[in-house]
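Reviewing the structure listed below.
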Amino acid sequence: MGLLNRVVEFFVKDSAERKRFVNEFNANAGMFFQSLAVDTLLTAKICMGDNDNTYRHELSAPVIVSGICIEANAGKQISAEDIVMIGRIILSDQILVRRMFVLHWDTLIVRDSRTGKFVDWRIRDFFNFGGLLNGRS
């Protein structure tokens, strides 16, 4: 294990859970691609988050690993509109967004590996704080 990986593992205590999240995403995306349910193979990887301090939150990992990138790697080339649509689908799932938040990610990046086009989002902007649980007071 390299020195950089050891430093990251030290600072990001949930690194095993983060790897599990990425592996589950990649397994599910691969299954959908192989079954012809989708035209493009998406893969997730941990990446550098946005350097802008406005993306950071109280649980953010060190910036070198504070991003999660969903990348289109095989199949058809995707347009900028499709990149935005993929991001919106991911960010509309409250459970998924909260899981990314508690796993120390502050930036979601959706990218087409062929064109290099990408869009990034600040994860904390996509979940609701407060409110009543189950409608009970």
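List, please: which pairs have Cβ atoms under 6 Å, are six or more places apart or on different chains, and start with a residue in segment 97-123 that is small (Gly, Ala, Ser) and end with one that is modelled with pLDDT of 95 or more and crowded, with 16+ Cβ neighbours inside 10 Å?
From residues that are small (Gly, Ala, Ser), the pairs are SER113/GLU71.
State yes or no: is ILE78 more than 14 Å from the chain's Cα centre (by Cα), buried (at least 18 other Cβ atoms within 10 Å of the Cβ) and without any contact (Cβ under 8 Å) to a residue 60 or more places away in the chain?
Considered against the rule, which asks whether it is more than 14 Å from the chain's Cα centre (by Cα), buried (at least 18 other Cβ atoms within 10 Å of the Cβ) and without any contact (Cβ under 8 Å) to a residue 60 or more places away in the chain, ILE78 comes out as yes.
Just to verify a result, which residue in segment 48-70, among those that are within 23 Å of ARG20 (Cβ to Cβ) and surrounded by fewer than 17 Cβ atoms within 10 Å (Cβ to Cβ), is farthest from the chain's Cα centre (by Cα)?
Ranking the candidates gives GLU58 first.
What tally of residues in segment 23-47 results from selecting those that are hydroxyl-bearing (Ser, Thr, Tyr) and exposed (fewer than 14 other Cβ atoms within 10 Å of the Cβ)?
Counting residues in segment 23-47 that are hydroxyl-bearing (Ser, Thr, Tyr) and exposed (fewer than 14 other Cβ atoms within 10 Å of the Cβ) gives 1.
Which of the numbered conditions does GLY116 fail, given that it passes all the others? Conditions: (1) surrounded by 13 or more Cβ atoms within 10 Å (Cβ to Cβ); (2) out of contact with any strand residue (DSSP E or B) (no Cβ under 7 Å at 6 or more places or on another chain); (3) modelled with pLDDT of 90 or more.
(1)
Can you work out which of the residues in segment 21-68 that are among the aromatic types (Phe, Trp, Tyr) and out of contact with any Lys or Arg (no Cβ under 6 Å at 6 or more places or on another chain) is nearest to VAL110 (Cα to Cα)?
Among those that are among the aromatic types (Phe, Trp, Tyr) and out of contact with any Lys or Arg (no Cβ under 6 Å at 6 or more places or on another chain), it is PHE25.
Anything in segment 1-54 that is at pLDDT 85 or above, aromatic (Phe, Trp, Tyr) and touching a helix residue (DSSP H, G or I) at 6+ places or on another chain (Cβ under 9 Å)? List them, or say none.
Listed by number, the list holds a single entry, PHE21.
Please go through (1) without any contact (Cβ under 8 Å) to a residue 40 or more places away in the chain; (2) out of contact with any Gly (no Cβ under 7 Å at 6 or more places or on another chain) for MET48 and return the number of the only condition it doesn't satisfy.
In the conditions (1) without any contact (Cβ under 8 Å) to a residue 40 or more places away in the chain; (2) out of contact with any Gly (no Cβ under 7 Å at 6 or more places or on another chain), MET48 misses (2) alone.
Answer yes or no: is there a residue in segment 92-100 that is of a type in the set (Gly, Ala, Ser) and loosely packed, with under 14 Cβ neighbours inside 10 Å. Don't jump to the end; show me each part of the working.
The initial filter retains those residues of segment 92-100 that are of a type in the set (Gly, Ala, Ser), namely 92.
If we keep only those that are loosely packed, with under 14 Cβ neighbours inside 10 Å as well, we get 92.
Yes, segment 92-100 contains a residue that is of a type in the set (Gly, Ala, Ser) and loosely packed, with under 14 Cβ neighbours inside 10 Å.
The values are calculated or read from the model by the stated rules, or taken from the named source; none is laboratory data. The shown structure was predicted, so the numbers you read here are calculated from the model rather than taken from an experiment. All Cβ positions, even for glycine, are placed from backbone atoms using ideal geometry, and neighbour counts span all protein chains on display.
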